[in-house]
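In what follows, a structure is listed as structure tokens, so that the remarks can point back to it.
The values are calculated or read from the model by the stated rules, or taken from the named source; none is laboratory data. Quick caveat, the model's predicted, so the values are computed rather than measured. In this analysis, Cβ positions are derived from the backbone assuming ideal geometry, glycine residues included, and neighbour counts consider all displayed protein chains. All accessible areas refer to the heavy atoms of the entire protein, side chains included, with ligands and DNA or RNA removed. Shrake-Rupley method; radii C 1.70, N 1.55, O 1.52, S 1.80 Å.
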Amino acid sequence: MKLFEFLARMREKKFPLRLEYREHIGCVDVEVEAFSERWVVSFDEDGFVDFVIYKDIDAPDNENVDLLESLFNRPQKAWLNAAKDLGIEFISPYEFTGSDGEEYQITGLLPQFGGKNGTLITSRKDDDEACFEVNKLDDFQSTGLNPTYYDKYNREYVIETLRDWAWNSKEPKPEWYGE
């Protein structure tokens, strides 16, 4: 579908709309007020490119409030889900004293994997100084994981990662860990 064809159809349906040209990517966004939703439909010189629907989060019984809330602290929630599913320990948030004597907080600690005292999990939401101080702690392994793979719990990725880090606990290994 081409831009002018889409605009003609929107005029026919009498939806209010607004146009925005994004020069840096050579794209025209058509923002359509569809009353209970807002659509952003993108076109380039060849035609339709992308379509996003935004729903009214104030609508009664709207599931989008839960969806919006789920966007916050995703790495923490992913590891909490992993801990519950895999029967492992995850301490979150994890607080520690840095080499400068200051108190810091990061996403969490997996005490049963990695270094002698476990693996410290940092994420993009953690303070840069806290992430820097994590690397100075003795007997811990530290990691900042790619959110593409670890912002949502994916059992396969997590199990592979935990096996790479190695079990370090005196407790029996979980069944899924293998030998």
* For the chain, calculate the relative contact order in percent as a whole number, restricting contacts to Cα pairs under 8 Å that are 6 or more residues apart. => 13
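How much of the accessible area of the chain, in percent, comes from carbon and sulfur atoms when a 1.4 Å probe is used? Write out the running numbers ahead of the final one.
Details: 5700 of 11790 Å².
Heavy-atom surface of the chain belonging to carbon and sulfur, 1.4 Å probe: 48 percent.
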* Go through region 160-169 residue by residue and turn each phi into a ³J(HN,Hα) via Karplus (6.51, -1.76, 1.60, θ = phi - 60°); whole Hz please, and just put x for glycine and proline. => 4, 5, 5, 5, 4, 6, 6, 5, 10, 9
* Structure fact -> Residue by residue through region 34-42, the couplings from Karplus 6.51 cos²θ - 1.76 cosθ + 1.60 with θ = phi - 60°, in Hz, x for Gly and Pro, are 9, 6, 8, 9, 10, 9, 10, 10, 10
* To do: Run the dipole for the chain about the Cα centre, Lys and Arg Cβ at +1, Asp and Glu Cβ at -1, nothing else charged, and hand back the magnitude in debye, nearest 20.
  => 520
* Structure fact -> The long-range amide H neighbours of Gly108, using H built 1.01 Å from N in the peptide plane and a cut-off of under 5 Å, are Tyr94, Ile121
* Distance (nanometres) between label positions extended 7 Å along Cα→Cβ at Glu31 and Phe48 -> 2.2
* **Calculated semi-axes √(5λ) of the Cα gyration tensor in Å (choose from [x] 23, 22, 13; [y] 46, 19, 16; [z] 31, 18, 15), label** => [y]
* To do: Go through Asn135, Phe113, Phe4 and say which Cα lies farthest out towards the positive end of the charge dipole of the chain; charges sit on Cβ, +1 for Lys and Arg, -1 for Asp and Glu.
  => Phe4
* To do: Pull up all non-local amide H partners of Glu89: gap of 5 or more, or a different chain, and H-to-H distance under 5 Å with H placed in the peptide plane.
  => Gln112
* **Estimated vicinal HN-Hα couplings, Hz - region 136-153 in sequence order (Karplus 6.51, -1.76, 1.60; Gly, Pro = x)** => 8, 6, 7, 6, 10, 9, 10, 8, x, 8, 5, x, 4, 9, 10, 7, 10, 6
* By how many nm would the segment from Glu20 to Glu175 lengthen if fully extended, with 0.36 nm per residue of separation less the alpha-carbon distance? -> 50.3 nm
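How many Å² of accessible area per residue for the chain, probe 1.4 Å?
On the way: 11790 Å² over 179 residues.
On a per-residue basis, 66 Å².
Would you mind classifying region 102-179 by shape? Square roots of the alpha carbon gyration tensor eigenvalues, ordered a ≥ b ≥ c; an a/c under 1.5 is rounded, otherwise it is prolate if a/b is larger than b/c and oblate if not. Intermediate values should be presented prior to the final figure.
Numbers: a/c = 2.76, a/b = 1.37, b/c = 2.01.
It comes out oblate by the Cα gyration axes.
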* To do: Counting helices only, and only those DSSP H runs with n ≥ 4, report the 222 nm mean residue ellipticity of the chain as the sum of -39,500 (n - 2.57) divided by its residues, in deg cm²/dmol to the nearest 500.
  => -8500 deg cm²/dmol
* To do: Specify whether the C-alpha gyration tensor of region 1-57 places it in the rounded, prolate or oblate class, a ≥ b ≥ c being the square roots of the eigenvalues: rounded for a/c under 1.5, otherwise prolate if a/b is larger than b/c and oblate if not.
  => oblate
